[in-house]
1. Just one of the numbered conditions (1) out of contact with any Gly (no Cβ under 8 Å at 6 or more places or on another chain); (2) outside the structural domain of F69 (by TED's automatic domain parsing); (3) in contact (Cβ under 8 Å) with a residue 40 or more places away in the chain is not true of L195; which one?
2. Hey, among the residues in the range 261-281 that are part of a helix (DSSP H, G or I), exposed (fewer than 14 other Cβ atoms within 10 Å of the Cβ) and not aliphatic (A, V, I, L, M), which one's modelled with the highest pLDDT?
3. Look through S116, S80, S23, S58 and report the one residue that is among the polar types (S, T, N, Q), modelled with pLDDT of 95 or more and either in the same structural domain as T271 (by TED's automatic domain parsing) or under 19 Å from F230 (Cβ atoms) (or both).
4. C225 versus (1) under 30 Å from G73 (Cα atoms); (2) assigned to a helix (DSSP H, G or I): which is the lone unmet condition?
5. State yes or no: is K149 over 20 Å from the mean Cα position of the chain (by Cα), of a type in the set (K, R) and surrounded by fewer than 18 Cβ atoms within 10 Å (Cβ to Cβ)?
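The values are calculated or read from the model by the stated rules, or taken from the named source; none is laboratory data. Just so it is clear, the model here is predicted, and its values are computed rather than measured. Here the Cβ is made from the backbone with ideal geometry for all residues, glycine too, and neighbour counts use every protein chain on show.
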Amino acid sequence: MKTRILATAASIAAFIAVAGGMSASAADLEELKEQGFARIAIANEPPYTAVGADGKVSGAAPDVARVIFERLGVKEVVASISEYGAMIPGLQAGRHDAITAGLFMKPERCNAVAYSEPILCDAEAFAVKKGNPLKLTSYKDIADNTNAKIGAPGGGTEEKLALQAGVPRDRVIVVPDGQSGLKMLQDGRIDVYSLPVLSIHDLLDKAKDPNLEVVAPVVGAPVYCDGAAFRKQDVALRDAFDVELKKLKDSGEFAKLIEPYGFSAKAAMSTTRDKQCAAAQ
């Protein structure tokens, strides 16, 4: 079941009109209900999130958010695409009411936002040329090979893991989206493109390029979980979101929402926000 959310021209126009008059003050559930929609920040990284040419938004994260907001009495979600590095600043500035985009729990993020309980969990993967000619199985391998260049989303987990492993800044190439990263790999402008396992498999399944392959999981890279992210002053809204999320998990509806995308409901239910944020320290 892949519920799709349609961001129509009318809804986008309404979003712009309302957003222009909203401040960065705390989002109140009653205000969101009266407004009729919640503004969510997403990426365009299937299967976490995806935006079609017709404006339809899908993916595991928006699907879960849409159902929960509906149950909270907020009829619609209006999505805007953002780079990962710009999501939290946009949230803090009041441009979004929540982030539902596979934004993994990391130390600085746990300190900056109020996460929901875990929703989507995944490991890291590499896309490389067939045969993995540089034998890259870890971020350290990339750091140790002075000729290896890695492509990663700007401000994302993969960029930070590469830099933390010692890959020089000039060999970490920021790419705007998965399709661009794959094209750079095919053209030889980078030697490896890094994303979570499910995202890499989705890209390569669609590309159908026999000259590429997947290395997964990346050696030494942790397994991460995301959650819906809210502003620190919006803990009441986050807590209301968590109540409905738990109901979804307990009823089995959560599994029906995310498992068609390849995610494990069991993995998300086996950990907690506190554990994920503590492990990230």
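1. L195 satisfies all of (1) out of contact with any Gly (no Cβ under 8 Å at 6 or more places or on another chain); (2) outside the structural domain of F69 (by TED's automatic domain parsing); (3) in contact (Cβ under 8 Å) with a residue 40 or more places away in the chain except (1).
2. Out of the qualifying residues, it is D274.
3. Of S116, S80, S23, S58, the one residue that is among the polar types (S, T, N, Q), modelled with pLDDT of 95 or more and either in the same structural domain as T271 (by TED's automatic domain parsing) or under 19 Å from F230 (Cβ atoms) (or both) is S116.
4. (2)
5. No; evaluated as a whole, the condition is false for this residue.
Table: residues versus (1) more than 18 Å from R238 (Cα to Cα); (2) at pLDDT 95 or above; (3) crowded, with 17+ Cβ neighbours inside 10 Å; (4) not aromatic (F, W, Y).
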site: P46; (1), (2), (3), (4): yes, no, yes, yes
site: F69; (1), (2), (3), (4): no, yes, yes, no
site: G73; (1), (2), (3), (4): no, yes, no, yes
site: Y84; (1), (2), (3), (4): yes, no, yes, no
